[in-house]
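Colleague: Sharing a structure, written as structure tokens. Questions coming.
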Amino acid sequence: MHVREAQHVTVCAAFASLRGEADLLLLAGDLTTHGEPDQVAVLADACRDLGMPVYAVLGNHDWHADRVDELRPILDDGGITLLERDWAVCELGGIEVGVVGTKGFVGGFPGSHLPDFGEPLLRRVYDETSAEVEALDAGLRAVAHCPLRFVVLHYAPIGATLVGEPEGIWTFLGTDRLAAPIAQHEPTLVVHGHAHAGTFEGAIGGTPVHNVSVPVMGRDFWTFEVPYPVHPASPVH
């Protein structure tokens, strides 16, 4: 979304259009342009009275100003549940819905993986991604009892939704290391952002994965109609 102050009217109008049209809102990061508190306040104003649960993860733009500690209470005041290597359960129409959210991180895909080897700084990058993968796995285990389970990421877990981006930068757009817990736990739906020139649709096994960055969708929001039950709750591994 890359929200900024000058967009206050248009952002609020766009979000207001969702009232009565959706049951749950997932925001896949890059909530702001540079991660400034006045920017995230615009998003908080837009979401405050939507009348539906709103879950969000952070993106690289939200970390740019290194003021995330200031962003969190503003998001909370706007009724936005920020998921940082975390999970939540809500009830919609008597159905338990599990939402697992984490930013994800870089790391690459077959032929371009960053290794756990060499300079300590490079290995710290690898470790950061490992922590994201572990949190995703733990979250999916925690919501395994829910008939509907959604994963929200910023970085891509598969290459299929990056097609259209220069392959030389795919390593910095995500990593298939994030795909392993998704393949194991088989959530209902995965969404991510970040790759503005990528592809809307992909899959990990039988789980649909969608790149919901606004330039890819060509619209402000995408409504997913998810029949109930899609499949039973996953086994607890």
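Colleague: Do you know the relative contact order of segment 92-237, to the nearest whole percent, from alpha carbon pairs under 8 angstrom that are 6+ apart? Provide the component values of the computation, followed by the final result.
Modeller: Working: 304 pairs, mean separation 39.1, N = 146.
Value for segment 92-237: 27 percent.
Colleague: Run the quick spin-label model on Thr81 and Ile169: label points 7 Å from Cα toward the beta carbon, then report their separation in nm to one decimal.
Modeller: 3.3
Colleague: Can you give me the relative contact order of segment 119-189 as a percent, contacts being Cα pairs under 8 Å and 6 or more apart? Could the numbers behind the result be given before it?
Modeller: On the way: 49 pairs, mean separation 28.3, N = 71.
After rounding, I find 40 percent.
Colleague: Taking Cα pairs under 8 Å and at least six residues apart, what relative contact order does segment 57-144 come out at, in percent?
Modeller: Working: 92 pairs, mean separation 25.0, N = 88.
RCO, segment 57-144: 28 percent.
Colleague: Next up: Rounded, prolate or oblate: pick one for segment 99-189, where a ≥ b ≥ c are the square roots of the eigenvalues of its C-alpha gyration tensor, a/c under 1.5 means rounded, and failing that, prolate if a/b is larger than b/c, else oblate.
Modeller: Oblate.
Colleague: Enumerate the residues in segment 1-31 having an amide nitrogen under 18 Å from the point lying 7 Å beyond the Cα of Glu91 toward its Cβ.
Modeller: Correct set: 23-24.
Colleague: Go ahead and set up a Gaussian network model of the chain, Cα springs under 10 Å, then flag whichever of Gly51, Gly164, Gly20 fluctuates most.
Modeller: Most flexible of the set in this elastic network: Gly20.
Colleague: Add +1 for every Lys or Arg and -1 for every Asp or Glu among the other residues with Cβ under 11 Å from the Cβ of Asp116, and state the total.
Modeller: With Lys, Arg at +1 and Asp, Glu at -1, the net is +2.
Colleague: Can you give me the Rg/Rh ratio for segment 1-145, using Cα atoms for both radii and the Kirkwood formula for Rh?
Modeller: Over the Cα atoms of segment 1-145, Rg/Rh equals 1.02.
Colleague: Quick check: pseudo-label points 7 Å beyond the Cα along Cα→Cβ at Glu119 and Arg72, how many nm apart are they?
Modeller: A separation of 3.0 nm, rounded to one decimal place.
Colleague: Which of Trp170, Trp87, Trp222 moves the most in a Gaussian network model of the chain with Cα springs under 10 Å?
Modeller: Among Trp170, Trp87, Trp222, the largest mean-square fluctuation in the Gaussian network model of the chain belongs to Trp222.
Colleague: Something else now. Take the alpha-carbon centre of segment 163-217, take the same for segment 62-80, and report the distance between them in whole Å.
Modeller: Result: 25 Å between the Cα centres.
Each value in this text was obtained by applying a stated rule to the coordinates, not by laboratory testing. Since we're looking at a predicted model, the values are computed, not measured. All Cβ positions, glycine included, derive from the backbone under ideal geometry; neighbour counts span all protein chains shown.
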